[in-house]
1. Just the residues that are surrounded by fewer than 19 Cβ atoms within 10 Å (Cβ to Cβ) and touching a residue at least 40 places away in the same chain (Cβ under 8 Å), please, taken from segment 219-242.
2. Answer with yes or no whether L405 is farther than 15 Å from S322 by Cβ and in a helix (DSSP H, G or I).
3. Please list, ordered by first then second residue, the pairs with beta carbon atoms under 7 Å, 6 or more apart or interchain, first in segment 442-460 and without any contact (Cβ under 8 Å) to a residue 40 or more places away in the chain, second part of a helix (DSSP H, G or I).
4. Scan segment 260-290 for residues that are small (G, A, S) and in a helix (DSSP H, G or I) and report the count.
5. For residues in segment 291-325 being without any contact (Cβ under 8 Å) to a residue 60 or more places away in the chain and assigned to a loop (DSSP other than H, G, I, E, B), which is farthest from G279 (Cα to Cα)?
Amino acid sequence: MTEHYLKAARLCLVYLLNSVSKECVAKSRLLVLNYIPVFYLNLFALVAVKVDMSSVEVRAVQLPAGENPMKMGKAFVGLRRAALGEITNFKAAAVNTKKTGPAKASFKPSVKASIAPRAIAVVLPMSPSPADPLTTVSEESADVSMKEAEEEELCQAFSDALLMVQDVDKEDGDMPQLCSEYVKDIYSYLHVLEVEQAVRPNYMQHYEITERMRALLVDWLVQVHSRFQLLQETLYLTVAVLDRFLQVQPVSRRKLQLVGVTAMLVACKYEEMYAPEVGDFAYITDSAFTKAQILEMEQLILRTLNFELGRPLPLHFLRRASKVGKFCKKINEISLVWMVVPQSDVERHTLAKYLMELTLLDYNMVHYRPSEIAAASLALSQLLLVALPWSPQQQHYSTYDAAHLKPIMQHIAKNIVMVNEGKTKFQAVKNKYSSSKLMTISLIPQLNSSIVKTMAAALLGNP
């Protein structure tokens, strides 16, 4: 008897899998597939506990053409076969469930070709039990429908956001040196790398050296960098090596300059085509340190950093951000008019470089990521020069919104005010960018505007 009803249950499963009406093909098939196990387990449970077989009736039901069984609230689903249309080879077959004789070896319904749609219906005992499969299907189908609606809404919102972002690399396919196919993955990796090689805030707490000593050293290194005519990357890497080493290995005041020149030597070997010799760095310290001391410190720095010198630099992210900034910018948020704003991209980029270089001396900014400093510098630069806010496109590529960049911009504004108003004696960066080769960018009147002073007031304590 158990084998007989197991075969009947399998037959019902086959019909359920292939009997979805045309009006709800997309969603009903999903529901049937999801709840077949529930239906099957209930049938198996009825057989296992030997329920009175007279309460289960299997009969053929003639379905009106075009009627959707799911809307009738009945325990049957019409047969549909996509490839063969309405053709079925099953005729109405009644099964006597009462045990009147020996069980037959197989269940064989009579076969007769028929054009009219027929289906097998299973009529179960009506019970208020919460385990009833029809109730379960009704409740869970509502949950599935709600989830589908939420997913569609999220997909639509994501698509709408993407429509506002232009692909800044689509025109670089003919220039292999720009790596347009991989550039997005490259910068995603740089974002991960800058977190792994981060500098913690206030790392010099309880050190013999102070933040003023660090600022004095960096200001001197800026002058050495200009004297040797080194690449911009070399200066940023020098300060990065310096901070990463000092946060792990405290040094005395007497050896701080030795660490600084050795960090620049390491950066030169990493970035420069032709690096200055060790003797040149010994000479630049007025022979305060010998070549042997510099080489010994070089080994200590490399072992401390585990030879991990590939930290992303603010300059890397600024170049990417400047490229994004050359594309269309939103200048009218009310009417959503987009156009290319005529401006000097070189001036905007140079001002951002000046603002970034000022942050090298600020001990309170050592914990900010290079990508954050680059984005904040460019945001303040374009705000001062052309009064442009941080656009959605720039937010997309930098991964930072205006609210995230605001406190960093306040720190940068504080550095501008301190340099312009003579509140600090460290003027090497300002003097460097007052050169005509760098567009005398440190002398432009916008750096004395009310925008800068208002931003800096929160940190300087001015009323």
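All of the numbers you see were taken from the coordinates with simple rules; none came from a lab. Remember, it's a predicted structure, so these values are computed and weren't measured experimentally. All Cβ positions, even for glycine, are placed from backbone atoms using ideal geometry, and neighbour counts span all protein chains on display.
1. If the condition is that a residue be surrounded by fewer than 19 Cβ atoms within 10 Å (Cβ to Cβ) and touching a residue at least 40 places away in the same chain (Cβ under 8 Å), then D219, W220, Q223, S226, R227, F228, L231, Q232, E233 are the ones that fit.
2. Taking the combined requirement at face value, the residue satisfies it.
3. If the second residue must be part of a helix (DSSP H, G or I), the pairs left are N448/N420.
4. 5
5. Within segment 291-325, the match that is farthest from G279 (Cα to Cα) is N306.
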